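To start, the structure itself, in C-alpha cells.
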Amino acid sequence: MTQPLQVLYGGAHRFNAEAPRKLALLALETLDQYAPDAARFAEMTGVDPASADLVRAAVARRLSQPAGFDDLRVDFEDGYGPRSDTEEDAHALAVGVSLAAVPDPAPRLGVRVKSMGPETRSRALRTLRAVIRACVEARGGLPQGFVVTLPKISRADEVSALCAALQAEERGLSLPEGLIGVELMVETPWSLSNVSSLVETAGARLESLHLGAYDLLSALQIRAEVQSLQHPIVALARRQLALMGAAASIRVSDGATTLLPVGPHRGALSEAQRSENREAVAAGWRRHIADIWAGFDDGIRQGWDLHPNQLVSRYAGVFSVQLAGLDGVLDRLGRFVQTAAQAVRAGAVFDDAATAQGLVAQTLAALDSGLIDEDTVASRVGVSVELLRGRSFAAMVGVRPRAPSVRP
C-alpha cells in the first residue's frame, strides 16, 4: 500500500461505520470555517503565503476524497480507558460489526488493544477476539490491511503472545495465515532499547513501529510542562527508530501533538470569543505543522492524530514539506539526469546518485500529492515519470545520448 501520512486515533466507545467519513467532513468544515481562502490559510497555519493557495487546495482535495484520510485506529487503550468487562465486551462486539460495515473506499482500519502485560493481557485478548469474530461474521472477512496495534511493551513475550493469538484466530476462522498485521508501540525505555528483538519476534506480521512519545518521557520522569515532540529525548528516539526501521524495511510513525486545534467556546459567541477560538485553532495548527516538519527532518513521514481538526494541519504540514524548495529540486534533478547521472556540481551544491535519490523521492511525493503534474515533472527533469518511479538512473540515462562529463 501507499505510505500512510497519518493515523487518527479515536475511542472505541464512539466508533461507528460512518465515523471515517464524518471525521473527514468535520475537518473540511473546520478548514472552510477558519481558513476559507489562501490568505487566511497562510495566517492560520504559518504556511508560506506564496504556496498557500496550492497547499490549501491540496488539503481540501484530500479531505474531500471518499476515503478522506489515510489510516484510522479504533482505540481500546488510553483513548478508551478502564471499563467493566460487560461494557468493553459490548463495545468490542459493536466495533467488529461497525468495521464490517464501513463503506468502501475507506481509510486503512485497525484496533489498538490494551497492553499484553500481566494486568490486562486477558482483557486485551478477549477484546481482540470479539472484534475479529464479529467483523468476520458480519462481513465474511476483515477490512483490507486490518492491523492490531500493541502498546506499552515491556517484554518480548507480549509480542509473541499477540502473534500467537492472531494466528489462532486466523486458523479458527479459516483466514489466510499472516493476514492480520501488527504495529508495535515503542514507548518504554525497555522497548526502545530492544527494538531489534521486538522486530525479530513479530516477524513477517510487523508492519510499523510507532513512537509513544509521552509514555516514554513520563517513564524518564520528564516534567509534564516540557513534554512535546520537540523534546531532545523524543528527537533521539525518533532518529533511532528511523534508522532501525529503514534497516528492517519497517515503517515508523511519529507520536502525537497534544496541543489540539480546538476553540474553547461553543454556541452563540461574542466577537471576543470568536477571536479566542481562532487563536486556539491557529496555535494548534502551527504547533502540529512544526512537529510534522521535525518528523520529516528525521526521516519519518507518518504521525498520530488525535482530533479531526488535526487532519487539516497534518496534510498542510506534509504538503508544505513536499513543496518546500521543489523548484530547486527539479532543477538539480534535471541537471543530474542530463549529465548522464554522473556526479555534478552547480555552484556550491554537489549531487551524486545518493543525493539524487532524495531529489527523486521529493519529486514523486509532490507529484502523488497533486502539487505538480506529470507533464511538468517530465519537462523539467527530462525523463518520464514512469522512469522516475523506477528509480534507476541507468535506465534514465539509457534513453538519451550521454552528455559530456562535468567535473565537480
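Structure notes:
- Test: residue in segment 254-276 that is on the phi > 0 side of the Ramachandran plot, in the same structural domain as PHE319 (by TED's automatic domain parsing) and over 14 Å from the mean Cα position of the chain (by Cα): yes
- Matching entry among THR257, THR201, THR188 (being in contact with a Cys (Cβ under 9 Å, 6 or more places away or on another chain), of a type in the set (Val, Ile, Thr) and surrounded by 15 or more Cβ atoms within 10 Å (Cβ to Cβ)): THR201
- If only residues of segment 117-130 that are buried (at least 18 other Cβ atoms within 10 Å of the Cβ) and free of Cβ contacts under 8 Å to residues at least 40 places away in the same chain are counted, the one that is farthest from THR188 (Cα to Cα) is ARG123.
- Filtering segment 371-408 to residues that are in a loop (DSSP other than H, G, I, E, B) and modelled with pLDDT of 90 or more leaves LEU371, ILE372, ASP373.
- Some residue of segment 207-224 being of a type in the set (A, V, I, L, M), outside any helix (DSSP H, G or I) and touching a Ser or Thr at 6+ places or on another chain (Cβ under 8 Å): yes
- Test for VAL148: is it of a type outside the set (Asp, Glu) and either farther than 15 Å from ARG73 by Cβ or part of a helix (DSSP H, G or I) (or both): no
- Every residue from segment 35-53 that is outside any loop (DSSP other than H, G, I, E, B) and either touching a strand residue (DSSP E or B) at 6+ places or on another chain (Cβ under 9 Å) or surrounded by 22 or more Cβ atoms within 10 Å (Cβ to Cβ) (or both): PHE41, MET44, THR45, ALA52
- Test: residue in segment 185-193 that is farther than 18 Å from ARG73 by Cβ, touching a Leu at 6+ places or on another chain (Cβ under 8 Å) and not in a helix (DSSP H, G or I): yes
- Only a single item in (1) part of a strand (DSSP E or B); (2) modelled with pLDDT under 95 is not met by ASP104, and it is number (1).
Condition check ((1) buried (at least 18 other Cβ atoms within 10 Å of the Cβ); (2) out of contact with any His (no Cβ under 6 Å at 6 or more places or on another chain); (3) over 30 Å from GLY245 (Cβ atoms)) across all residues:
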| residue | (1), (2), (3) |
| --- | --- |
| ALA12 | yes, no, no |
| GLU18 | no, yes, yes |
| ALA24 | yes, yes, no |
| THR30 | yes, yes, yes |
| VAL55 | yes, yes, no |
| SER64 | no, yes, yes |
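- Scanning segment 54-75 for residues that are part of a loop (DSSP other than H, G, I, E, B) and not aliphatic (A, V, I, L, M) returns GLN65, PRO66, GLY68, PHE69, ASP70.
- Taken together, ALA242, ALA256, ALA202, ALA164 contain a single residue that is among the small types (Gly, Ala, Ser) and without any contact (Cβ under 8 Å) to a residue 24 or more places away in the chain, which is ALA164.
Yes/no per residue for (1) buried (at least 16 other Cβ atoms within 10 Å of the Cβ); (2) polar (S, T, N, Q); (3) part of a helix (DSSP H, G or I); (4) over 26 Å from the mean Cα position of the chain (by Cα):
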{"position": "SER98", "(1), (2), (3), (4)": "yes, yes, yes, no"}
{"position": "GLY110", "(1), (2), (3), (4)": "yes, no, no, no"}
{"position": "SER115", "(1), (2), (3), (4)": "yes, yes, no, no"}
{"position": "ALA134", "(1), (2), (3), (4)": "yes, no, yes, yes"}
{"position": "PRO143", "(1), (2), (3), (4)": "yes, no, no, no"}
{"position": "VAL159", "(1), (2), (3), (4)": "yes, no, yes, no"}
{"position": "LEU166", "(1), (2), (3), (4)": "yes, no, yes, no"}
{"position": "GLU170", "(1), (2), (3), (4)": "yes, no, yes, yes"}
{"position": "PRO176", "(1), (2), (3), (4)": "no, no, no, yes"}
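The values are calculated or read from the model by the stated rules, or taken from the named source; none is laboratory data. Remember, it's a predicted structure, so these values are computed and weren't measured experimentally. Here the Cβ is made from the backbone with ideal geometry for all residues, glycine too, and neighbour counts use every protein chain on show.
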